[in-house]
Amino acid sequence: MCKSPYAFFEKDLAMILEKHVKDVAQTSKPMISEDEIIWQGEKMCFSNLLSPVKNDEGDIIAVTIISRNITDKKKAEDALLESKMKLQELNASKDKFFSIVAHDLKSPFQGLLGFSNLLLEDYKSLEREEIREYVENISSATKGLYNLLENLLEWSRIQTGRKEYFPQKIDLYETVDSEIKLMNGNALRKNITLTNLISADTRVTADKNMLTSTLENLINNAIKFTKPGGEVKIFNNQSGDMIEVTVQDSG
């Protein structure tokens, strides 16, 4: 005597299996399915194998059902998939970090090497004031490089969850002015003018390390893509409570 799935399975699963039985009866082909139900507030997953049973004449007289609870297996698979995705995110973050390091360190080193080479090659013919100017530029580039390294370390701590976001009131004009002084060595090598057009006494709430790192990256890129003799302008626009900072180059 054939019995309905309702005689063996919980109602929600029985409803799904009943539909599968009809499909198997119509197609005369076995079926394998994975079905989910919510039972007592928890998601359950079942692997089901349905096979047609035929008489000597080839007519289907029943459908057998083998159902297996694979909830724990699916949870383990989901946990493994989540771990894999987190690992991929960490790898992507690591690749991004190394890319930023390579990009951001290249420009300050070029400025440092450029001024030191000029000093080394021409020091005999240079006036004291010219030597002093080169040394000041080397000192400025070195300080900028050190600050950049600190910002990159801060960024890495943030990415790995070892550093929190600390917003504070910051004078935007003075911050941009400081960054221009640090980047000025690179700009001078290409005869590029860096102009601070930020409104005086403009204050923003931001994480200082994040802000300076972002400004350095934008200004470095602007210098890179600006032709010799060009200009890079940094200005701001007020939009409600938000302040938009624009780094505009003539490249």
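Structure notes:
- Apart from one condition, Gly229 fits all of (1) touching a strand residue (DSSP E or B) at 6+ places or on another chain (Cβ under 7 Å); (2) modelled with pLDDT of 85 or more; the exception is (1).
- Pick from region 1-15, criterion part of a helix (DSSP H, G or I) and among the hydrophobic types (A, V, I, L, M, F, W, C), ranking: surrounded by the fewest Cβ atoms within 10 Å (Cβ to Cβ): Ala7
- Among the candidates Glu57, Glu34, Glu10, residue that is of a type in the set (Asp, Glu) and in contact with a helix residue (DSSP H, G or I) (Cβ under 9 Å, 6 or more places away or on another chain): Glu34
- Evaluation of Glu179 against (1) charged (D, E, K, R); (2) surrounded by fewer than 22 Cβ atoms within 10 Å (Cβ to Cβ); (3) under 25 Å from Ser99 (Cβ atoms) (one fails), failing number: (2)
- Applying the criterion of being among the polar types (S, T, N, Q) and under 30 Å from Cys45 (Cβ atoms) to the residues of region 69-112, the residue that is farthest from the chain's Cα centre (by Cα) is Asn69.
- Here region 191-205 is the region considered, the condition is being open to solvent by less than 80 Å² (accessible area, probe 1.4 Å) and not aliphatic (A, V, I, L, M), and the residue that is nearest to Ser178 (Cα to Cα) is Asn196.
- All told, Lys84 falls short of being surrounded by 11 or more Cβ atoms within 10 Å (Cβ to Cβ) and of a type in the set (D, E, K, R).
- Candidates are the residues of region 35-68 that are more than 46 Å from the chain's Cα centre (by Cα) and touching a residue at least 40 places away in the same chain (Cβ under 8 Å); the one that is surrounded by the fewest Cβ atoms within 10 Å (Cβ to Cβ) is Ile61.
- Comparison of Ile70, Ile66 shows that the only residue that is farther than 30 Å from Asn217 by Cβ, at pLDDT 90 or above and touching a Leu at 6+ places or on another chain (Cβ under 6 Å) is Ile66.
- In summary, Arg203 fulfils each of the numbered conditions (1) within 25 Å of Asn117 (Cβ to Cβ); (2) in contact with a Lys or Arg (Cβ under 9 Å, 6 or more places away or on another chain) with the single exception of condition (1).
- Among the residues making up region 69-112, those that are without any contact (Cβ under 8 Å) to a residue 24 or more places away in the chain, more than 30 Å from Leu215 (Cβ to Cβ) and polar (S, T, N, Q) are Ser83, Gln88.
The values are calculated or read from the model by the stated rules, or taken from the named source; none is laboratory data. It should be emphasised that the depicted structure is a prediction, and the values quoted were computed from it without experimental measurement. Glycine gets a Cβ as well: all are built from the backbone with ideal geometry, and neighbour counts include every protein chain shown. In case anyone asks, the SASA skips ligands and DNA or RNA and just uses the protein heavy atoms, side chains included. Shrake-Rupley method; radii C 1.70, N 1.55, O 1.52, S 1.80 Å.
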